[in-house]
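The values are calculated or read from the model by the stated rules, or taken from the named source; none is laboratory data. None of the values given here were measured: they were computed from a predicted structure. No Cβ is skipped: glycine too gets one built from the backbone with ideal geometry, and neighbour counts run over all protein chains shown.
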Amino acid sequence: MLPLVSITLFLPLAGAALVLGLPRPTARTVHGIGIGTAALTLAGALAMWLEGVSGAGFSQVEELQWIPVIGAAYRVGVDGISLPLVLLSAVLFLVAFIFTSSLRERPRAYVALALLLETTAIGTFSALDAILFYVFFEVSLVSMYFMIAGWGHEERQRAALMFFLYTLLGSLPLLLAILGLYLGSPESGFDMRAWIANPPLEGAAAMWALVAMLITFAVKTPAVPLHTWLPAAHVQAPTVGSVILAGIMLKFGTYGLIRFALQMTPEAFHKAGVVVLIFGVVSALYGAFAALAQTDLKRLVAYTSVNHMGYVIVGVAAAALTLDPSVRATALDGAVLQMFSHGLVTGTLFFLVGMIQDRAHSREMSEFGGLLKTVPLLGWSFVLAAFASLGLPGLAHFPAEFQIFLATLGSAPVAVVVILGIAIIAGTFLKALREAFLGEPRQQRHAMPDLSTRELLAVVPLLVLTVATGVAPSWVLDIIHQTTSALVL
């Protein structure tokens, strides 16, 4: 049997090595390697998807000795929680390479960094050894730091430094928690499967480990009040950097919240679930209100990410609080589907905002008007993505958020106030559409070109998946539910 997970994981790294190893390649060659490698990686992810998962355990597991002295090994595999995120990563990176194929500023370094980042993303979601997970989790910071610092906008150096310091320092508590789990485990090793099957810590030790994990994953998600690095990073990052940061890297936090906090310290999480739920509600509402106050389209989309990831936190906390298996499964189904749909929808929005900035050299809504007339393909694409982001039925966010709210109503009814976030986000996007896309075009914007073939190839697949996930979410939910329905507290 082919080691599908390892092939899919290391294909981007091999592509990066090829890009760096070629003597003086042209920009066209570099971009061709990037697109080709990403396409092969997507093929690998689709093969993994067809292979599927089985129950609560991990499937397609591959294992090799790595550091036997401490029990660390190369262990990878997937389940219904990680497999959708691996597929999402492969899709987003492919369309990102297509979008950025026009780049002529140091394309070799850019493509190599992006390919390295793809390997770290897939590795984070597929690692089954805690040390291996931490390595992928941390190396991703290096790639994104250089991407922001090297190809970002005016204040990119400051934003890159803030991103790196916040997330690097925020990761240290997770390392302490991993060491605590290792020391508490009866068997010497870092096998995450063993820690999930038999949580090694209890009592005060488990609670301290949970607190350490929550700090790390709150920074990464990010949750209020540890979110302050996010708007600056998004605004200053290049378009593809924003797409990958929002579409994939923010999921490291919520994925870790499920994989580590919920599965490895379940009793402690059950006791602390109300506190986590409150932070989720605050994040969702704060993100919605902050987005409403923005005049910059990119900052607006950045704050909607805080809102939507807040819903994921609420869903995971609801799963931790309830003792009803069906409610728990519903909450986790919604949380994982929200992660998947957020990558599609917010990735699309960041692409479209980047396209507007490339044409107009501005993101201020007040400087536009009538974009539906001047650039109809771009304008209607933004309308569809905006409607998806505000939770319109028939689009990707609706089935995810509906399940989260339904589970919250069953486990912590007072927290259903978080549903107000949908109304606020709706007002936010309607305001943006009115100011920038409706009405008469500004005179200086008449000559803006509409979407090119390259840009359509980047955006259309995400919009198609957004509609498909909203209309028939079972194609993703069936995989997710195979794992979540078998999880026990």
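Table for the structure above
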| item | result |
| --- | --- |
| Qualifying positions in the range 258-299 - part of a helix (DSSP H, G or I) and either basic (Lys, Arg) or touching a Lys or Arg at 6+ places or on another chain (Cβ under 9 Å) (or both) | ARG259, LYS271, ALA290, ALA291, LEU292, LEU297, LYS298, ARG299 |
| Members of the range 304-326 that are of a type outside the set (A, V, I, L, M) and either buried (at least 24 other Cβ atoms within 10 Å of the Cβ) or at pLDDT 95 or above (or both) | THR304, SER305, ASN307, HIS308, GLY310, TYR311, GLY315 |
| Identity of the residue in the range 390-411, of a type in the set (A, V, I, L, M) and outside any helix (DSSP H, G or I), that ends up nearest to GLY280 (Cα to Cα) | LEU390 |
| Test: PHE382 is in contact (Cβ under 8 Å) with a residue 40 or more places away in the chain, touching a Ser or Thr at 6+ places or on another chain (Cβ under 9 Å) and either more than 20 Å from VAL86 (Cα to Cα) or hydroxyl-bearing (Ser, Thr, Tyr) (or both) | yes |
| Any hit, the range 107-116, residues being within 25 Å of TYR145 (Cα to Cα), more than 21 Å from the chain's Cα centre (by Cα) and touching a residue at least 60 places away in the same chain (Cβ under 8 Å) | yes |
| The range 159-179, subset surrounded by fewer than 19 Cβ atoms within 10 Å (Cβ to Cβ) and in contact with a helix residue (DSSP H, G or I) (Cβ under 7 Å, 6 or more places away or on another chain), residue farthest from LYS220 (Cα to Cα) | LEU176 |
| Single residue of the range 466-486 satisfying the filter (aliphatic (A, V, I, L, M) and crowded, with 23+ Cβ neighbours inside 10 Å) that is farthest from GLY77 (Cα to Cα) | VAL476 |
| Residues of the range 381-412 classified as over 19 Å from HIS342 (Cα atoms) and either surrounded by fewer than 21 Cβ atoms within 10 Å (Cβ to Cβ) or acidic (Asp, Glu) (or both), total | 3 |
| Hits in the range 362-389 (condition: over 15 Å from ARG434 (Cβ atoms), among the hydroxyl-bearing types (Ser, Thr, Tyr) and either in contact with a Lys or Arg (Cβ under 9 Å, 6 or more places away or on another chain) or assigned to a helix (DSSP H, G or I) (or both)) | THR374, SER381, SER389 |
